[in-house]
Amino acid sequence: MSWFILVLSGVFEAVWAVALGKSEGFTKLVPSLVFAGGLLVSMAGLAWAMKEIPTGTAYAVWVGIGASLAVAYGMIFGGESMSWIKILLVTGLIACIVGLKLVD
């Protein structure tokens, strides 16, 4: 259950990161509210997962999931450039996340 919560928290990390960018310095209400909600859910889930998963592993997985999803979102919807090397690097990041789970 801790791993499921951790993965879900990583997804919410990407949500708050994207919303933070869209809030334009907290000048837009809806993205600012999504940021606050996403941050709360993400941090609460990370804290809960860390009761059973070692801190270093949990944090690395959380950040890796959030970063991978934020980059993917940026490339698909946000106008960020897409290249095979970026896709390869994000895929490598995901492979490392899976590796951390497998060696736990």
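What is the projected area of the convex hull of the Cα atoms of region 15-55, averaged over all directions, in nm²? Walk me through the numbers before you get to the answer.
Working: hull surface 11.5 nm².
Seen from a random direction, the Cα hull of region 15-55 projects 2.9 nm² on average.
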If R0 = 41 Å, then F77 and M43, at their Cβ-Cβ distance, give a FRET efficiency to the nearest 0.05 of 0.95
Largest-first semi-axes in Å of the equivalent ellipsoid built from the Cα gyration tensor of region 2-103 are 23, 20, 7
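When the helix-only estimate is applied to the chain (DSSP H runs of n ≥ 4, each -39,500 (n - 2.57), divided by the residue count), what is the mean residue ellipticity at 222 nm, nearest 500 deg cm²/dmol?
Working: 4 runs with 84 residues, N = 104.
Computed mean residue ellipticity for the chain: -28000 deg cm²/dmol.
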With +1 at each Lys and Arg Cβ and -1 at each Asp and Glu Cβ, the charge dipole magnitude of region 2-103 around its Cα centre, to the nearest 20 debye, comes out at 40 debye
For region 73-104, listing chymotrypsin sites (Phe, Trp or Tyr not before Pro) in a DSSP loop whose Cβ sees at most 15 other Cβ atoms within 10 Å gives F77
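Express in nm, to one decimal, how much length is gained between A36 and E52 on full extension, taking 0.36 nm for each residue of separation and deducting their alpha carbon distance. Could you put the intermediate results ahead of the total?
Numbers: separation 16, 0.36 × 16 = 5.76 nm, distance 2.56 nm.
Answer, rounded to one decimal: 3.2 nm.
Taken together, the values in this text are just the output of simple stated rules run on the coordinates, not laboratory data. This structure is a prediction, so every number in the text was calculated from the model and none was measured. Please note: Cβ atoms are built from the backbone with ideal geometry, for glycine as well, and neighbour counts cover all protein chains shown.
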